[in-house]
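Starting off with a structure, shown below.
All of the numbers you see were taken from the coordinates with simple rules; none came from a lab. Fair warning: this is a prediction, and the values are worked out from it, not measured in the lab. Cβ: placed from backbone, ideal geometry, glycine included. Neighbour counts: every protein chain shown.
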Amino acid sequence: MKALILSGGSGTRLRPLTYSQQKQLIPVANKPVLFYAIEDVIEAGVDEIGIILGPNKDQVIDTVKSKAWDVPIEFIYQGEPKGLAHTIIVAEKFLDDDFVMYLGDNILRDGIVRHEKRFSSMKSDASVLLTKVDDPQRFGVADLNQDGSIRRLVEKPKVPPSNYALVGVYFFKPMIIDACKSIKPSWRDELEITDAIQWLIEHGYKVDASFVDGWWKDTGKPEDIFEANRLILDDILTRNDGLIEGSRIMGRVIIEENAKIDRSVIKGPCIIGEGSIISDTYIGPYTSVGIGCQICGTEVEDSIIMDESRIINAGKIVESLIGRNVKIQEGVALPKGHRLIVGDNSDISL
């Protein structure tokens, strides 16, 4: 089996961060979201991975190549984004076997091993991962037959036929390529994967559902990234590879190599990245501090601070998503609290 991971799209809901970086590279618990997808498909036993590229393609390639992976990875440029089904057509030469298609901005707590085994044993032509949600009107929703197979898929229905939403992970046999070539663009002028799956159903192919038990997050919006960060940090185990002087460490905390904690309070769950310096600072629960950061005289809680950022005497920062190489420092006034979503290479005085 192969894997097709999607890492395109413009990430408009995450601007200004996504003006300068691809949305799938935003870190959750100090790891790019895209890496969770890559790890999941490798764990499921795929032989080769194809990654669909869009804007910032060189950035994605460089980031993926920065780590040694256990399977070969091929990069496939989509060009103008024309829908999920279009990515399959673009990757046709690569997709000469059964494959899993995984949207690269999704995170599943329990991975996809169980779902891959089920797909292989069921001999279905396609399998769609579903999860129960409280607000199915916001998602693509499955209308199911009594035997668990899919009758139809409905995109953001006003009256949902069920509360089972599409997760963004699909298993396919190669005939999905014919389905993608046979459908027409939607009102969005895109080739929709839901239409391609519906084509399979209408032409007598077997499409079933596999149900996700653990949590799942689509990290398309800042609040989703914060929630995914919290969920992953909830599962960490304490590890200290840094230097701690005159500080208190409480709860489950990861302190990476060469990080230094000086005269500070660190309350987990949280993670402090390699080479970061934390001094005279309070780092509160559900905070991820990236590589090479400096935080001094500040309180930070429930936030993501990306690599090489400096935060000096900035008061209290909560529920904030701060990009790479950002500088935040005390200005004329110091508000008691700040909520920030800041792009890369910014320089902010408060």
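How high is the FRET efficiency from Lys181 to Asp134, r the C-beta distance, R0 35 Å, rounded to 0.05?
With R0 = 35 Å, the Cβ-Cβ based efficiency is 0.45.
To the nearest 10 degrees, how steep is helix 33-43 against the longest Cα principal axis of the chain, on a 0 to 90 scale?
Rounded to the nearest ten degrees, it is 50.
Could you pull out every one of the aspartates and glutamates with an alpha carbon less than 12 Å from that of Lys123, ignoring same-chain neighbours closer than 8 positions?
Asp98, Asp208
So which of Lys132/Lys173; Lys65/Lys156; Lys184/Lys206 end up more than 27 Å apart, counting from Cα to Cα?
With Cα atoms farther than 27 Å apart: Lys65/Lys156.
Can you list residues whose amide H is under 5 Å from Arg252's amide H, if they're 5+ apart or on another chain and H is modeled 1.01 Å from N?
Under 5 Å from the amide H of Arg252 lie the amide H atoms of Gly268, each far enough along the sequence or on another chain.
Let me ask something else about it. For the stretch 150-225, which trypsin sites (Lys or Arg not before Pro) pass both filters: DSSP loop (anything but H, G, I, E, B) and at most 15 other C-beta atoms within 10 Å?
Of the trypsin sites (Lys or Arg not before Pro), the ones in loops of the stretch 150-225 whose Cβ has at most 15 other Cβ atoms within 10 Å are Lys158, Arg188, Lys206.
Oh, and also: Considering only Arg230, Arg114, Arg310, give the residue with the highest GNM mean-square fluctuation for the chain, with springs between Cα atoms whenever their separation is below 10 Å.
Arg114
Also, quick follow-up: For the stretch 81-150 and the stretch 294-328, what is the separation of their C-alpha centers, rounded to whole Å?
Taking the Cα centre of the stretch 294-328 as reference, the centre of the stretch 81-150 is 37 Å away.
Restricting to bridges with both residues inside the chain, how much of the DSSP beta-bridge set is antiparallel, in percent to the nearest 5?
Taking every DSSP beta bridge within the chain, about 25 percent pair in antiparallel fashion.
Between Thr298, Ile183, Gly242, whose Cα lies farthest towards the positive end of the dipole of the stretch 172-305 when Lys and Arg beta carbons carry +1 and Asp and Glu beta carbons carry -1, centred on the Cα centre?
Toward the positive end, the furthest listed residue is Gly242.
Between their Cα atoms, which of Lys57/Lys260; Lys23/Lys327; Lys31/Lys221; Lys31/Lys181; Lys2/Lys31 are more than 27 Å away from each other?
The answer is Lys57/Lys260; Lys31/Lys181.
Moving to a separate point now. Give a residue-ordered list of calculated ³J(HN,Hα) values for the stretch 297-308 (Karplus: 6.51 cos²θ - 1.76 cosθ + 1.60, θ = phi - 60°; whole Hz; x for Gly, Pro).
Per-residue couplings from phi come out as x, 9, 10, 10, 8, 6, 9, 10, 10, 7, 3, 6 Hz.
If r is the Cβ-Cβ distance from Met250 to Phe75 and R0 is 56 Å, what FRET efficiency results, to the nearest 0.05?
Plugging the Cβ-Cβ distance into 1/(1 + (r/R0)^6) gives 0.85.
Between helix 193-202 and the chain, what is the angle of the helix's C-alpha long axis to the longest principal axis, kept within 0 to 90° and rounded to the nearest 10?
Once rounded, one gets 30 degrees.
How far, in nm, would the chain grow between Lys156 and Glu43 when pulled straight, counting 0.36 nm per residue and subtracting the alpha carbon separation?
Result: 37.5 nm gained on full extension.
Near the amide H of Leu129, under 5 Å away, which other amide H atoms are found, from residues 5 or more places off or on another chain, if H is placed in the peptide plane?
Val167, Gly168, Val169, Phe171, Ser210
Once you put a point 7 Å from the Cα of Asp143 and another 7 Å from the Cα of Gln59, both along the Cβ direction, what distance in nm separates them?
About 4.1 nm separates the two model spin labels.
Compute the length gained on full extension between Lys31 and Glu330: take 0.36 nm times their separation in residues and subtract their Cα-Cα distance, giving the result in nm to one decimal.
104.7 nm
From a point 7 Å beyond the Cα of Ala68 in the direction of its Cβ, which residues of the stretch 237-261 have a backbone N at a distance under 20 Å?
Answer for the stretch 237-261: 257.
Short version: what are the Cα gyration tensor semi-axes of the stretch 236-349, square root of 5 times each eigenvalue, largest first, in whole Å?
Ellipsoid half-lengths, sorted descending, are 21, 14, 13 Å.
Same structure, new question: Using each residue's phi in the stretch 141-157, evaluate 6.51 cos²θ - 1.76 cosθ + 1.60 at θ = phi - 60° and report the 3J(HN,Hα) Karplus result to the nearest Hz, with x for Gly and Pro.
Result, rounded to whole Hz: 10, 9, 9, 9, 7, 4, 8, x, 6, 9, 7, 6, 10, 10, 8, 6, x.
Within 10 Å, count the other beta carbons around each residue, average over each peptide in 31-40, 69-78, 91-100, 253-262, and list them highest first.
So the peptides 31-40, 69-78, 91-100, 253-262, ranked by packing, come out 31-40, 253-262, 91-100, 69-78.
Sticking with this one: At 0.36 nm per residue, and after removing the present C-alpha to C-alpha distance, how many nm does the segment from Asp234 to Asp280 gain when stretched out fully?
Using 0.36 nm per residue and subtracting the Cα-Cα distance, I get 14.0 nm.
With θ taken as phi - 60° and the coefficients 6.51, -1.76 and 1.60, list the Karplus ³J(HN,Hα) couplings across the stretch 112-129 in order, rounded to whole Hz; mark glycine and proline as x.
Along the stretch 112-129, the couplings run 10, 4, 4, 6, 5, 5, 5, 4, 5, 7, 6, 6, 7, 7, 7, 9, 10, 7 Hz.
Follow-up. Given Cβ point charges of +1 (Lys, Arg) and -1 (Asp, Glu) and nothing else, what value in debye, to the nearest 20, does the dipole of the chain about its Cα centre take?
Using only the charged Cβ atoms, the result is roughly 680 debye.
Further question on the same structure: Which of rounded, prolate, oblate describes the stretch 200-266, given a ≥ b ≥ c as roots of the alpha-carbon gyration tensor eigenvalues and a/c under 1.5 marking rounded, otherwise prolate only if a/b is larger than b/c?
Note, shape of the stretch 200-266 comes out prolate.
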